[in-house]
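See below for the structure under consideration.
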Amino acid sequence: MSTVLVIGDDLTGSNAVGALYATAGLRAVTVSALDAVALVAATADVVAFNTESRHRPSSEAARRVRAIVRAMGADSALIAKRVDTTLRGHIGAEIEAMLVEARQGRRDQTFKVLMAPAFPSSGRTTIGGIQLIEGQPVAESWAGRDPFTPVRFSRISRELARQTNLPTAEVLLDTVREAGEALAQALADASQGADIVIVDATTTADLRRIAEAAQATAVAEGITWLVADSGPFGAAMAAAMGVGTQVADPGCVLVVAGSLTDLTRRQLERLQAETGAALVTVDLDDDPVHVVDRLVALGTVPVLGVRTATPQHGGGDRESAARMLTLLQEVAREAVSRLKVVGIYATGGDVATGVIDALGAHGFQVAAEVLPLAVVGHVDGGPHHGMGLSTKGGLIGDDDAGLCCVRALQQRH
């Protein structure tokens, strides 16, 4: 049987969540009928079950959730109720149904719900227990005017209370950022008086911190966490639990950042926050082989790479810039020979041209525009023909531009 059960209330949401788990190296299958579950569960790591209940009565939505938990719950290491990022649908009734059925099916375990509905890379965040869309409280957005299931409250606990009497508790962002034992203890403490623990998050890194702390709490306190999330937290929780047959080394996107602008710095910081990217800072005295030694020592990381040190004054002289470009070329050449690189994100000045030359390619085949003046495609010709490549100028895009380029490479792979 599968190790992860994801319960969605519409097909597009279920498929989208399945894609998140697939990106993490798990075999994910979406189904919409109970009699199909047994046919796919034997070979899937993740079954994303679509109850198709978004626009049905809440009692019917709850019944469908209980039916799939009853059918698969005993064989699932993780059960996740997918909730819409805007809190639409029967989220309270369905979370309660998941919890009640899980408790009835496995009475020897202590079940609690850990709710982290943020989807930071899509602009959905949770701060102070309030769900935001691009910084706007969700009930004040278009979701508050939804003709079928309008969201009345931006505070998650109040929206849940419209549909369930289950007690809730909140763990706020300051505590999430403490991470480690402090966060684990906060989750444990919150679960003592609540069935649903709602947790703030504004970045994907926050979701990973929560997942790691939750797993530590599960081991130390004997809590079996059920998940209520929009997708990325459940995938982070599965990774923290080590469930499924994840690919041992799915490869990495290599970042080669030669731009020294403040914008590029912010873009790299955003990329690190969302993907956990590990970036090594290089200077002119570095040996390219030793730089790649440091990259190899980082282990299996989805996004890693090199960036230049920001100068203290000015932008540096022409000779230094040329030497740095040569260093980055040599690092790229060495990295692709020693790491499983599935794509390269090159940003800044002549870096993209230098990378193409370093790979012995004839040119760059453009596939699509990621955003204005940033494209994705692959190197054309040479020993690395077909390797993904995304290029962007150092002064192009907003803080999310680098993240968009890397995501485009990951989706292409």
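The values are calculated or read from the model by the stated rules, or taken from the named source; none is laboratory data. Computed from a predicted structure; not experimentally measured. Every residue, glycine as well, gets a Cβ built from its backbone with ideal geometry; the counts of neighbours run over all protein chains shown. What goes into the accessible areas is simple: the full protein's heavy atoms, side chains included, and nothing from ligands, DNA or RNA. Shrake-Rupley method; radii C 1.70, N 1.55, O 1.52, S 1.80 Å.
Averaged across orientations, what area in nm² does the convex hull of the alpha carbons in segment 34-83 project?
3.6
At a probe radius of 1.4 Å, what is the per-residue accessible area of Y345, in Å² to the nearest 10?
Accessible area, nearest 10 Å²: 0 Å².
Enumerate the amide H contacts of D146 below 5 Å, restricted to partners 5 or more residues apart or on another chain; note that Pro and chain-start residues carry no placed amide H.
Distant-sequence amide H within range of D146: V151.
Using modelled amide H (1.01 Å from N, peptide plane; none on Pro or chain starts), what sits under 5 Å from the amide H of A48, excluding residues fewer than 5 places away?
Amide H neighbours of A48, under 5 Å, 5+ apart: V6, V29, T30, V31.
Suppose a student asked you for the relative contact order of the chain, using Cα pairs under 8 Å spaced at least 6 residues apart; what percent would you report?
Numbers: 891 pairs, mean separation 54.7, N = 413.
Relative contact order for the chain comes out at 13 percent.
Using a 1.4 angstrom probe on the protein heavy atoms only, could you order H90, H384 from most to least accessible area?
Working: H90 25, H384 50 Å².
From most accessible down to least: H384, H90.
Enter the accessible area per residue of segment 131-232 (Å², integer; probe 1.4 Å; all protein chains in place).
Result: 43 Å² of accessible area for each residue.
Run through segment 33-142 and list the GluC sites (Glu not before Pro) located in a DSSP loop whose Cβ has at most 10 other Cβ atoms within 10 Å.
Within segment 33-142, the qualifying GluC sites (Glu not before Pro) (loop, at most 10 other Cβ atoms within 10 Å) are E134.
Do you know the relative contact order of segment 295-399, to the nearest whole percent, from alpha carbon pairs under 8 angstrom that are 6+ apart?
Relative contact order of segment 295-399: 22 percent.
Which whole-number percentage describes the relative contact order of segment 105-255, with Cα contacts under 8 Å and a sequence gap of 6 or more? If you can, show how the numbers build up before the last one.
Values: 255 pairs, mean separation 46.6, N = 151.
Relative contact order comes out at 31 percent.
Cα convex hull of segment 174-295: mean projected area in nm², to one decimal? Present the calculation step by step, with values, prior to reporting the outcome.
Numbers: hull surface 40.2 nm².
The orientation-averaged projected area of the Cα hull of segment 174-295 comes to 10.1 nm².
Expressed in nm², what is the orientationally averaged projection area of the convex hull enclosing the Cα positions of segment 134-178?
Seen from a random direction, the Cα hull of segment 134-178 projects 4.1 nm² on average.
I need the trypsin sites (Lys or Arg not before Pro) found in segment 336-413, filtered to DSSP loop residues with at most 15 other beta carbons within 10 Å of theirs.
Here the trypsin sites (Lys or Arg not before Pro) that fit, given the DSSP loop and packing criteria, are K340.
Rounded to the nearest whole Å², what accessible area per residue is found for segment 1-101 with the 1.4 Å probe?
Accessible area per residue: 35 Å².
Any idea of L284's accessible area? Nearest 10 Å², probe 1.4 Å.
Roughly 60 Å² of L284 is accessible to a 1.4 Å probe.
Sort S230, S337, S58 from largest to smallest accessible area, using a 1.4 Å probe on the heavy atoms of the protein chains.
Result of the area sort, largest leading: S337, S58, S230.
Starting with the highest mean, order 25-33, 365-373, 319-327 by the number of other Cβ atoms within 10 Å, averaged over the residues of each peptide.
Ranked by mean Cβ neighbours within 10 Å, highest first: 25-33, 319-327, 365-373.
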